[in-house]
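Written below as structure tokens is the structure these notes are about.
What follows is calculated from the coordinates using simple rules that are stated; it is not laboratory data. From a predicted model like this one, the values you see are computed outputs, not experimental measurements. Heads up, the Cβs are rebuilt from the backbone with ideal geometry, glycines too, and the neighbour counts pull from every protein chain shown.
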Amino acid sequence: MYEYHTVQIPPNIGVRMGRAEGAAAAYLKDVIDRHAKDGWEFYSVERIGIVESMGCGCLSLILTLTGGSTKQHSDVYVVVFRRGIGDGQPTSHFK
């Protein structure tokens, strides 16, 4: 059986001009290495869609009446780690 741990990471990372090559891989490697020291095994990176309702009632009403959207869509990225617990035999893919 496994227990799981998740860490949200930014969808974009800032780098200086000319240093973009390999920056995302290096960033992810750093996140994985930091958690591996605590016994967590890298499992996957997942994208999760988020829908946020915008504003109070007044703003929502104005946006609705003018054809605007009252919801904001965005994606977040989560790194999933796992480590064995109990007898170490997984019973399912996710806990």
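Points to keep in mind about this one:
- Full extension of the chain between Arg19 and Ala36 yields a length gain of 3.5 nm, computed as 0.36 nm times the residue separation minus the alpha carbon distance.
- Rough spin-label spacing in nm, given labels placed 7 Å along Cα→Cβ, for Val76 and Tyr27: 1.6
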